[in-house]
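Take a look at the structure set out below.
The values are calculated or read from the model by the stated rules, or taken from the named source; none is laboratory data. Everything numeric here is computed off the predicted structure, so don't read it as measured data. Cβ coordinates were reconstructed from backbone atoms using ideal geometry, including for glycine residues, and neighbour counts include every protein chain displayed. The area values use the complete protein model at the heavy-atom level, side chains included, leaving out ligands, DNA and RNA. Shrake-Rupley method; radii C 1.70, N 1.55, O 1.52, S 1.80 Å.
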Amino acid sequence: MKKNRVLIIGLGRLGSSIATLLSVEGEEVLVIDKSEDSFRKLSDRFSGYEITGDVVDADVLENAGIKSAKTVVATTNDDNMNIFIAQICFYIYDVPNIYIRLSDNNKKKLIENTNVKAIYPFELSMDEFKRLREKERI
Amino acid sequence: MRIVIAGGTNEADFLIKMFQKKKHQLTIINADERVCEWLSRENHVSVYNGDPSKEYSLADADVKNADILIALTPRDADNLVICQLALDVFNIKRCVCVVSNPKNVEIFKKLGLKSVISSTYLVAQTIERHSIVDNLIRTLPIEEEKIVLTELEIDPDYSIVGKQLKDIDFPEQTEVNISCIFRDPDVIIPTGKTTIRGGDRLVVVSTPESQEMLIEYVQR
């Protein structure tokens, strides 16, 4: 099977877990973070590449091979940065699969009319709360 | 005009003072409480304390339908989001987005922003323009410097573009004669009816005294 190139930007708990998951599945995973320190969060099972850099400079993305990336995952702890990455991936590099995390649901509007798939921790927590409460009622 | 200034410290202060003089109606938003207090004290204006990249901050500051928004935060991604919210959600007519990374000028334009400014980018352009000008004015003194030949490249935004030679009003006492125009691939010996175009290179005969005035006049 041909490996797909995946870029994961921002290594918090979510980013590093996704990195390990996809690396174990056999994808070619590159992780990018501003701080070298954050690579410690990666599990031993991770076998991809680590790049230290700030993606506010698009050259960092180009050097990481964004032009041939099948998937980009933006999980920095900064919504605006994630939106910026998503828009560059969609409008400039035509990346087929783009995933981002957004804490602020109101920023949904800025990725409308794109193929960007967003994960909203707030909505997920709210749904879970409703589900737990529903159980309690029964 | 209704102007919104989002973020920025000294830059914001400078713009506030300038716009106040011109009696514009200002809305100022800054995420840093201390900067808010300082701007407010300096300029006797109310400053809204909030993150301008959040929709509710812009809503609370009542920026809807403003004429211009200027995004001045130190972070490029924040300024992008501020401008896009302003245009898409708050119906603000024009946005000026300041970026720290000069490479983001081209990128942000591709992402739909029309006015993107980077000080480094401007410096680079200015330097380039100066060196071009210096290269393009070539002069040749003839007859023991009694007359000089000057070659001038015509920028499309010079005011003499579109004028016929006979209508060019050189300042009084300028002794000049446009003797030849290089217009790729042609070389034209002009008459009074020849029209100047952007990209032309003019070869001008003049007295040395008139040369400076000539260059100044043409480059307006």
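For the stretch B:34-53, state whether one or more residues are closer than 28 Å to residue A:85 by Cα and surrounded by fewer than 17 Cβ atoms within 10 Å (Cβ to Cβ). No, every residue in the stretch B:34-53 fails to be closer than 28 Å to residue A:85 by Cα and surrounded by fewer than 17 Cβ atoms within 10 Å (Cβ to Cβ). Just to be sure, is residue B:35 part of a helix (DSSP H, G or I), of a type outside the set (S, T, N, Q) and on the phi < 0 side of the Ramachandran plot? Taking the combined requirement at face value, the residue satisfies it. Filtered by the rule that a residue be more than 10 Å from chain A (Cβ to nearest Cβ), over 11 Å from residue B:7 (Cβ atoms), part of a loop (DSSP other than H, G, I, E, B) and out of contact with any Ser or Thr (no Cβ under 6 Å at 6 or more places or on another chain), the stretch B:38-90 gives B:44, B:45, B:46, B:62, B:64, B:65, B:66, B:67, B:90.
Identify all residues within the stretch A:108-138 that are among the polar types (S, T, N, Q) and either open to solvent by 100 Å² or more (accessible area, probe 1.4 Å) or more than 14 Å from chain B (Cβ to nearest Cβ) (or both); write none if there are none.
Step one: filter the stretch A:108-138 for residues among the polar types (S, T, N, Q), giving A:113-115, A:125.
Matches in the stretch A:108-138: A:113, A:115, A:125.
In the stretch B:91-112, the residue that is least open to solvent (accessible area, probe 1.4 Å) out of those that are basic (Lys, Arg) and within 10 Å of chain A (Cβ to nearest Cβ) is B:103. Just a yes or no: is a residue in the stretch A:98-107 facing chain B (nearest Cβ under 10 Å), in contact (Cβ under 8 Å) with a residue 24 or more places away in the chain and not polar (S, T, N, Q)? Within the stretch A:98-107, one or more residues are facing chain B (nearest Cβ under 10 Å), in contact (Cβ under 8 Å) with a residue 24 or more places away in the chain and not polar (S, T, N, Q).
Total residues in the stretch B:155-194 satisfying the condition of being closer than 13 Å to residue B:214 by Cβ and touching a residue at least 60 places away in the same chain (Cβ under 8 Å): the figure is 2.
Residues in the stretch B:88-108 that are free of Cβ contacts under 8 Å to residues at least 12 places away in the same chain and either out of contact with any helix residue (DSSP H, G or I) (no Cβ under 7 Å at 6 or more places or on another chain) or on the phi > 0 side of the Ramachandran plot (or both): B:106 only.
If the condition is being aromatic (Phe, Trp, Tyr) and farther than 19 Å from residue A:28 by Cβ, then the stretch A:73-110 contributes A:84, A:90, A:91.
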